[in-house]
Amino acid sequence: MSLPGPAAALCAAGLFAMVGAAAWDSGDRPHAAAHPPTHIEGPPPGHTGGFGEPTCATCHFGAPLNQPGATLEVAGLEGGYRPGQRHAVTVRFESFDMLAAGFQGAFRFEDGDRRGAGAGGIRPLDDRVTVVRGEGGDTEYVQHTRAGSAPTDGAIEWTFEWQAPDAEAPVVLHIAANSGGGDDSPLDDLVYALSVTIPTGGR
């Protein structure tokens, strides 16, 4: 893929920084320059694509957002929610040429006085998912861990529990996911984003 000048320069600078950092240990002694895949432990908070946030495309390059040929979907929220109810939520991601994968998601109030504020709480159900807080601590982000970055036959699932907020107000779930080529590089990766509005009224 050919990147425009500024983007190419930024990408190159990031790659050089990654390799340079890997070439020295804590005692300033040189060692092998191999580096792990970008954000294999999970992305920094605030990369879901919702409410003005960027997506994984900040660090991963390869194709336009939501390139045809992949499926990113959410199960467990059909029909909406009742205040305070717990939901087992599964994010399923399937993409061609997927050798590594990751995601990040956030539940926030869709509109009103609390628009953009975190809605409810998230609890991991296994070691493949973790929860981090954004700046200010108001919003929880659910995302993959290293253990949850390996797909099977081009598909991967992440399951966690969401406890709906006590307030009866529409909630939106924003998810960004990255399909990596498994080459320890942020290049030639595919990024997808999804927005799911969750009304009240579920059972």
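For the reader, a short list of remarks on this structure follows.
- For the range 115-132, residues that are over 14 Å from the mean Cα position of the chain (by Cα) and either surrounded by 18 or more Cβ atoms within 10 Å (Cβ to Cβ) or under 24 Å from residue 82 (Cβ atoms) (or both) total 11.
- Selected residue (only one of 157, 135 is closer than 22 Å to residue 41 by Cα, part of a strand (DSSP E or B) and either within 14 Å of the chain's Cα centre (by Cα) or of a type in the set (Asp, Glu) (or both)): 157
- Lone unmet requirement of (1) under 15 Å from residue 193 (Cβ atoms); (2) assigned to a loop (DSSP other than H, G, I, E, B) for residue 114: (1)
- Flag for residue 90 being at pLDDT 85 or above, β-branched (Val, Ile, Thr), closer than 19 Å to residue 172 by Cβ and assigned to a loop (DSSP other than H, G, I, E, B): no
The values are calculated or read from the model by the stated rules, or taken from the named source; none is laboratory data. Quick caveat, the model's predicted, so the values are computed rather than measured. Neighbour counts are summed over all protein chains in view; Cβ atoms, including those assigned to glycine, are modelled from backbone coordinates with ideal geometry.
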